[in-house]
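One structure is given here, and the rest of the page talks about it.
The values are calculated or read from the model by the stated rules, or taken from the named source; none is laboratory data. If you're wondering where the values come from, they're calculated on a predicted model, not measured in any experiment. Cβ atoms come from the backbone with ideal geometry, glycine included; neighbour counts cover every protein chain shown.
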Amino acid sequence: MPSLYLAGVESSGIFPVSEPKITMIETREDRSVVFEAKVDVKPEVEVKDYKGIKVDRPRTDVSDEDVERAVQQARERFATLEVVEGRPASQGDYLLFDYKAFADGIPEEGASGSDILIEIGAGDFLPGFDDQLVGARKGDIIDVVVNFPPDYAVRELAGKPATFRVIVKEIKTKVLPPMDDKLVKEISVFETVDQFKQDLRENIQKLKEMAAERELRQKVVDNLVDRTYVELPESMIMREVDREIENFAEKIRERGIDFEDYLKAAKTTRYELEKTFRPKIVRSLKALLVLEAVAEAENIEVSETEAEDYIRERVASAGGDPEKALEEIKKSGEMPVIMANMRLSRTVDFLVENAEIRGEVSGEDVAQSIEASDKLTSKSHAEETEAEMSESGSDSPAVDMDNSGASSESAASGLSPKENARLEARKESGEQGVPEVHHPSNGLGSENAGNAQEGLEEPGKKGDIKRGELG
C-alpha cells in the first residue's frame, strides 16, 4: 500500500504535508485494489508587489556614548579584584565562600563546594541566591534558601527548594584600571587613548552596519509576509510544533532529566509549550512559503556545485579540510537542506536589492554591505553548518534572512585580536584579574570538594544566621 500511495502522489504532482488517511474502497478478483487517500497539501501562495518594497534603513551613526561604553568594556576586561575590609557586601561585589546544601534538613551527597566566587547581582549561581548575600560580612554563616531550576542537571533536585549553608570567606570589589596611554599600549597596538577610541569607533560602526543589514533584511521579509495571505493546514502547523517540542525534550533528556519530571517541576504542560512555540512556528512557515513563492516566480535556484563551492569556501576560511567536510555533509544527507537555505537567502538578497530603501543607500550599496559583513564573520564551519541544519530537523529548511554571519566577540567588545590575546596571556600567567564566576550548572560540585568548614554541618546550628526567603 505505501508504494501505491507514493506512486499516486508522484503522478498527481501534489506536495503532501501530513500523513495520509487511507480508506479501502474495493478489492478486485485480480487482486488489484481501489483506495482513497486524503492528505493535506502544501498551500499555494500568490505573492504580489514583491519588488519595490518600501523600508527605512536603520541608523548606523556612532555616538560618543557608544564609544564610552566600549571603553568601559575594555576597562572591565582588565579589572582586578581587591579585598574589602570593614564593610558588608553590596551589589556588584564578589564573594568568596564555602557551602553545603541541604534538602529537608538532610545534607545532599556531593552538594558542597569550597572557594566559590560569585558576583553579587550577576545571577550566575542559582536564581535568587546571590541577592540573599547582600549585607553579608567576612566570617558570617548564612542560610540561603532557593529553588533549583526545573531543568537542573541533578534530577533529584530539579524544581525543589534547598537550603545552602554558606560561610563567607572574603569580600572583594572590582577595581577598573584608568584608561590612559599606558593601558592602551599594554592592551592594544595603539600608542594613545585617542587612537584607541578612534579604532573603537570604527569597529562599532562596522558592527552597527552589520546589525542594520540584518534588521533591513528582516523588515523586507516581514513587510511581504504581512501583506500576503497564507492559509496553513493545521496538520502542517502541528507537525512542526510536535517536532519543536521533541527537540526541546531531547535537550532536556540529554541533561539527564526526564521530560515529564521537567514539566512537573516547571509547573507547566505540553499544551502550554505548544501555545508558546506555535506563534513563532506559524510565522516561520508563512515566511518560508512566501519566500519559496518568490523564488519560483523569479527562477531563483542553487545548484549542487554552487553549494559545494560555498561549503568549501566557508570551511577553508575557518581553517578546516573542505573536502572532508563536504564528504561528511553528503553522507549525512544534509546537502539538500543547505541548498534550500541558500536558495532562501538568495531570495532575500533579491528582495532587498529590489526594495525601495529610504534613508541611506541603494540596492547596489546593500549588496556591497552584505559582502563586507561576510568578511567580518568569525563563525567556524561547525557553527555555520549547525546554524543551517539546526532548524532543518523538519522537511522545511530554516528561513535564513541574515546571511551576514555573526560578529566576533572581540569586535563586539571593542578589543582587537591582539588585545584579546593579551587578556588570555594574563589569565594563563596567573596575573590577577577578574576570574570567571562559578555556577552549579552541572550539579553542586565534587563530592570531595572537601574543605567545607565545620559550620556547614547543619543549618541553623552556629554563627550569624540570616534566613533567606524561599526563592
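Is one or more of the residues making up the stretch 202-214 of a type in the set (A, V, I, L, M, F, W, C), in contact with a helix residue (DSSP H, G or I) (Cβ under 6 Å, 6 or more places away or on another chain) and surrounded by fewer than 18 Cβ atoms within 10 Å (Cβ to Cβ)?
Scanning the stretch 202-214, I find no residue that is of a type in the set (A, V, I, L, M, F, W, C), in contact with a helix residue (DSSP H, G or I) (Cβ under 6 Å, 6 or more places away or on another chain) and surrounded by fewer than 18 Cβ atoms within 10 Å (Cβ to Cβ), so the answer is no.
Sort out which residues of the stretch 187-198 are part of a helix (DSSP H, G or I) and acidic (Asp, Glu), and write them in order of number.
Asp194, the sole residue that qualifies.
Can you pull out every residue in the stretch 276-296 that is under 21 Å from the mean Cα position of the chain (by Cα) and among the charged types (D, E, K, R)?
Residues satisfying the conditions are Arg278, Lys280, Arg283.
Given the criterion among the β-branched types (Val, Ile, Thr), assigned to a loop (DSSP other than H, G, I, E, B) and at pLDDT below 95, identify the matching residue among Thr163, Thr60.
On the way: Thr163 fails: assigned to a loop (DSSP other than H, G, I, E, B).
Going through Thr163, Thr60 in turn, the sole match is Thr60.
Give the residues of the stretch 84-99 that are in a strand (DSSP E or B) and of a type in the set (Asp, Glu), sorted by residue number.
Across the stretch 84-99, the qualifying residue is only Asp98.
What about Val184, is it outside any loop (DSSP other than H, G, I, E, B) and without any contact (Cβ under 8 Å) to a residue 40 or more places away in the chain? Don't jump to the end; show me each part of the working.
Working: outside any loop (DSSP other than H, G, I, E, B): yes; without any contact (Cβ under 8 Å) to a residue 40 or more places away in the chain: yes.
The answer is yes for Val184.
Tell me whether the stretch 83-96 contains one or more residues that are surrounded by 13 or more Cβ atoms within 10 Å (Cβ to Cβ) and more than 30 Å from Val175 (Cβ to Cβ). I'd like the intermediate steps shown before the answer.
If we filter the stretch 83-96 for residues that are surrounded by 13 or more Cβ atoms within 10 Å (Cβ to Cβ), which is where we start, we get 84, 88-90, 93-96.
Of the ones still in play, those that are also more than 30 Å from Val175 (Cβ to Cβ) are none.
Looking for residues that are surrounded by 13 or more Cβ atoms within 10 Å (Cβ to Cβ) and more than 30 Å from Val175 (Cβ to Cβ), one finds none in the stretch 83-96, hence no.
Of the residues Ala162, Ala158, only one is in contact with a Pro (Cβ under 6 Å, 6 or more places away or on another chain) and crowded, with 16+ Cβ neighbours inside 10 Å; which?
Numbers: Ala162 fails: in contact with a Pro (Cβ under 6 Å, 6 or more places away or on another chain).
Being in contact with a Pro (Cβ under 6 Å, 6 or more places away or on another chain) and crowded, with 16+ Cβ neighbours inside 10 Å holds for just one of Ala162, Ala158, which is Ala158.
Where residues in the stretch 307-331 are without any contact (Cβ under 8 Å) to a residue 60 or more places away in the chain and not in a helix (DSSP H, G or I), which of them is surrounded by the most Cβ atoms within 10 Å (Cβ to Cβ)?
Asp321
Say whether the condition of being more than 30 Å from Tyr262 (Cβ to Cβ), under 29 Å from the mean Cα position of the chain (by Cα) and part of a loop (DSSP other than H, G, I, E, B) is met by at least one residue in the stretch 71-83. If you could, list the steps in order and put the result at the bottom.
We begin by selecting, within the stretch 71-83, every residue more than 30 Å from Tyr262 (Cβ to Cβ); these are 71-83.
Narrowing the set further to residues that are under 29 Å from the mean Cα position of the chain (by Cα) leaves 71-79.
When the remaining residues are screened for being part of a loop (DSSP other than H, G, I, E, B), the result is 78-79.
Scanning the stretch 71-83 turns up at least one residue that is more than 30 Å from Tyr262 (Cβ to Cβ), under 29 Å from the mean Cα position of the chain (by Cα) and part of a loop (DSSP other than H, G, I, E, B).
Sort out which residues of the stretch 123-133 are surrounded by fewer than 16 Cβ atoms within 10 Å (Cβ to Cβ) and at pLDDT 90 or above, and write them in order of number.
Applying the first criterion (surrounded by fewer than 16 Cβ atoms within 10 Å (Cβ to Cβ)) to the stretch 123-133 yields 123, 127.
The answer is none; no residue qualifies.
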